[in-house]
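The structure under discussion appears below in the form of structure tokens.
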Amino acid sequence: MFLLDNYQKILREIGQVRLVAVSKTKPISDLQEAYEAGVRDFGENKVQEMCEKKPHLPQDIRWHLIGHLQTNKVKYIAPFVHLIHSVDSLKLLQEINKQAQKHNRIINCLLQIHIAQEETKFGLSYEEAENILQSSVLQELKNICIKGLMGMATFTDQTEQIRQEFRGLAEFFKHCQTKYSSFNTDFQELSMGMSGDYPIAIAEGSTMIRVGSALFGEREYPTRV
Ligand SMILES: *Cc1c(COP(=O)(O)O)cnc(C)c1O
């Protein structure tokens, strides 16, 4: 089920900010409905699920990988992925570069920064991100482009805490914009904000939000036995 009214409401609220419709766990029919309503940017958190859905849907969809990416799976998405939001190591960037080269592409990436208090969320510290950006290895990667940063705030109803986490990330983003400009870095996108917190993220400078449940309804996860 695609919630058309919510989609239209969100579009009115966000202005120039880009919307990635997070379709993980949802059937192809839901994505088709969203496509017909005008959605072209879809976010999936698993490589396998993205690769299974892609052939059943129109070619002009821009596929965003938003979940943790293992190096051995990069090859499956390298031919087509539009933006990888979840880069969390130099090793992963090297593998993306290698696979992108095979397809004669430049793959756009975001560095995922750990801004939440939960232990479970993936991502780099600000210091680790700077280490990557200053590394000489990065200078050799001609088939990737670091387009910006991604972060997920703590899952909490403490809006002040969420605001502070987004604010910190936005400050670091501005710092990167002024400090790092190279042939393969181009800090334009700040991917922050989900169904529960996108208005705060936008107020703090987000350029791209990743919204799932507000567009497709709550997800049901298969129960593990
Ligand atoms: C699932 C997910 C989202 C969307 O979450 P909702 O709360 O359903 O909007 C956004 N970003 C990432 C990285 C996700 O895994």
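Structure data summary
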{"item": "Those residues of region 1-13 which are within 16 Å of Ala34 (Cβ to Cβ) and in a helix (DSSP H, G or I), in sequence order", "result": "Leu4, Asp5, Asn6, Tyr7, Gln8, Lys9, Ile10, Leu11"}
{"item": "Count - residues of region 59-84 that are under 22 Å from Glu127 (Cα atoms) and touching a Cys at 6+ places or on another chain (Cβ under 8 Å)", "result": "1"}
{"item": "Selected residue [at pLDDT 95 or above, of a type in the set (D, E, K, R) and within 16 Å of the ligand (Cβ to nearest atom)] from Glu44, Glu95", "result": "Glu44"}
{"item": "Residue list for region 136-182, restricted to those being in contact with an Asp or Glu (Cβ under 9 Å, 6 or more places away or on another chain) and part of a strand (DSSP E or B)", "result": "Cys145, Ile146, Lys147, Gly148, Leu149, Met150, Gly151"}
{"item": "Residue pairs meeting the criteria (Cβ under 6 Å; at least 6 apart or on separate chains; first within 30 Å of Lys75 (Cβ to Cβ), in region 143-158; second among the basic types (Lys, Arg) and within 14 Å of the ligand (Cβ to nearest atom))", "result": "Met152/Lys121"}
{"item": "Count of region 99-141 residues which are within 21 Å of Asn72 (Cα to Cα), at pLDDT 95 or above and within 21 Å of the chain's Cα centre (by Cα)", "result": "15"}
{"item": "In region 17-29, residue surrounded by the most Cβ atoms within 10 Å (Cβ to Cβ) [restricted to those that are away from the ligand (no atom under 13 Å from the Cβ) and in contact (Cβ under 8 Å) with a residue 12 or more places away in the chain]", "result": "Val17"}
{"item": "Residues (modelled with pLDDT under 95, farther than 18 Å from Glu44 by Cβ and not basic (Lys, Arg)) located in region 184-225", "result": "Thr223, Val225"}
{"item": "Residues (aliphatic (A, V, I, L, M) and either on the phi > 0 side of the Ramachandran plot or within 14 Å of the ligand (Cβ to nearest atom) (or both)) located in region 170-191", "result": "Leu190"}
{"item": "Test: Ala37 is among the small types (Gly, Ala, Ser), surrounded by 18 or more Cβ atoms within 10 Å (Cβ to Cβ) and either under 21 Å from Ile202 (Cβ atoms) or more than 16 Å from the ligand (Cβ to nearest atom) (or both)", "result": "no"}
{"item": "Count of residues meeting criterion [within 8 Å of the ligand (Cβ to nearest atom) and assigned to a strand (DSSP E or B)] in region 192-222", "result": "2"}
{"item": "Some residue of region 112-122 being among the small types (Gly, Ala, Ser) and either away from the ligand (no atom under 13 Å from the Cβ) or buried (at least 20 other Cβ atoms within 10 Å of the Cβ) (or both)", "result": "no"}
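The values are calculated or read from the model by the stated rules, or taken from the named source; none is laboratory data. In this text, all values refer to a predicted model and were calculated from it rather than measured experimentally. Quick reminder, even Gly has a Cβ in these numbers, built from the backbone with ideal geometry, and neighbours come from all protein chains shown.
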